[in-house]
1. At a temperature of 10 °C and a viscosity of 1.306 mPa s, determine how fast the stretch 227-294 diffuses translationally according to Stokes-Einstein, using the Kirkwood radius over alpha-carbon pairs as Rh; express D in µm²/s, rounded to the nearest whole number.
2. Packing-wise, with mean Cβ within 10 Å as the measure, how do 116-123, 205-212, 85-92 rank, highest first?
3. Just for the chain, what percent of DSSP beta bridges are antiparallel, to the closest 5?
4. Using only the alpha carbon atoms of the stretch 103-236, find the Kirkwood hydrodynamic radius as the inverse mean reciprocal pair distance, in angstroms to one decimal.
5. Provide, in order from the shortest bin, the percent of all Cα-Cα pairs of the chain in each 10 Å bin, continuing until the bin that contains the maximum pair distance.
6. Mind ordering 149-155, 6-12, 246-252, 236-242 by average Cβ neighbours within 10 Å, highest first?
7. How high is the relative contact order of the stretch 40-84, given as a whole-number percent (alpha carbon pairs under 8 Å, six or more residues apart)?
8. Which entries in the list K12/K218; K44/K117; K117/K218; K108/K147; K12/K140 go over 20 Å, if you measure between the two C-alpha atoms of each?
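Just so you know, all these numbers are worked out from the coordinates, no wet-lab data involved. Treat the numbers as computed from the prediction; the structure is a model and nothing was measured. Note that we place each Cβ from the backbone using ideal geometry, even for glycine, and neighbour counts take in every protein chain shown.
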Amino acid sequence: MHDILSATGVSKTYASGFHALKGIDLAIRRGEIFALLGPNGAGKTTLISIICGIVTPSAGRILVDGHDIASDFRAARSLIGLVPQELTTDAFETVWNTVSFSRGLFGKPPNPAHIEKVLKALSLWDKKDNKIMTLSGGMKRRLMIAKALSHEPTVLFLDEPTAGVDVNLRRDMWQLVRELRATGVTIILTTHYIDEAEEMADRIGVINKGELILVEEKAELMRKLGTKQLTLQLSESLAQLPPALAAYDLALSADGSELVYTYDTQGERARIATLLEDLSDLGIGFKDLHTTQSSLEDIFVGLLKDGS
Ligand SMILES: Nc1ncnc2c1ncn2[C@@H]1O[C@H](COP(=O)(O)OP(=O)(O)OP(=O)(O)O)[C@@H](O)[C@H]1O
Ligand SMILES: [Mg+2]
C-alpha cells in the first residue's frame, strides 16, 4: 500500500523573501503517529499549511492518498483534518453549530450521531449549546479538534495541540489521539513538548531552519543517539579515578562514593563487562548499580546544537 501522504521537494519562499522551507521530502505511513519537532520559526506550521492548501508552495508536490493537493484539491483536502496552531472561531456561534457547520464545509451530509460522539470524546458534550466566547482556552482548543474531526478525516494534523492545556487534559488528548489512530486515522503533530513526542510518536522528524534534518523511528532514534549512564555505588569511596581506568568515559562523584560510566547505547555496551573486570582487578567493589538512558529531550538539544 502506498504512503498516505508524500511531500516531494517542497520549498517555500514568502513574499518577504524569507526562505521558510528548503526542499522538504517526507513520506507519512498509513496509520502512524508522526511528530514534527523543531524550534520556533523552523517551518513546521508552514509545512502543515502547505499540505492543507492554506499556503501555496514555491516548489514541490504533495499527494494525499494519491490525490495531488494542487490539481485535485477537493478530494485531497476532504481527507484532511487540521487543528491549527492559532485558534480561530466565531465567538457568537454555539459549539454544536460550529462543529456541524465545519462538516458541511466538506460537503458531507449531516451526521448528528458522529458530532455527538466527537463532542463526548472531547468532554464538550455539556457545552454543546454554549456560545464559543463562553468557553475557557482549553475548551476552545478541544473545540478546534472537534471541528477538525467533524468530517471524519483520514489524516489529522495537530499543530501544537496541547499548548496551554493543563496536565490532565493533555493526558486525555493523548488518549483520544491513540483512539483515533486505532480507528485507522494517521496523525501528524507538531509539539514543543518533547515528552509528548516521546510518549506518542511512532516516528519523529526534526526540522530546523526550513530543513528536515532527521526522520527516524522513535525507538531507533533513541537507540542510535541516546547515551546511557551506568552508576556504581562504591563499597568504599575513592579519592580519585584510578589511572588504570583512563580509557573509559568515567566520572567520580564529588564525595567519591559513585562512579558514573557514560556509554553509547549502540557500540559500547560490550565494554561494561570489561569495565567491571577491570574494577574487580583493582579491588574496587560496589554495593549497587543502576542505569539511566538519555531522554528524547537530551537527544533533541544535542541535534540542534550540531545542526546549527
Ligand atoms: N506569512 C508569512 N510571511 C513571511 N514570513 C513568514 C510567514 N509565515 C511564517 N513566516 C516565517 O517563516 C518561518 C517559519 O514559520 P513557521 O510558522 O512555519 O514556524 P514554526 O516552526 O511553526 O514555529 P513555531 O514553533 O513558533 O510555531 C518563520 O521565520 C516565520 O517568521
Ligand atoms: Mg508553528
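1. Working: Rh = 12.1 Å.
Answer from the Stokes-Einstein relation: 132 µm²/s.
2. By packing density, highest mean first, the sequence is 205-212, 116-123, 85-92.
3. 65
4. So the Kirkwood estimate lands at 17.3 Å.
5. Pair shares across the bins are 6, 23, 26, 19, 12, 9, 5, 1.
6. 149-155, 6-12, 246-252, 236-242
7. 27
8. Pairs exceeding the cut-off: K12/K218; K44/K117; K117/K218; K12/K140.
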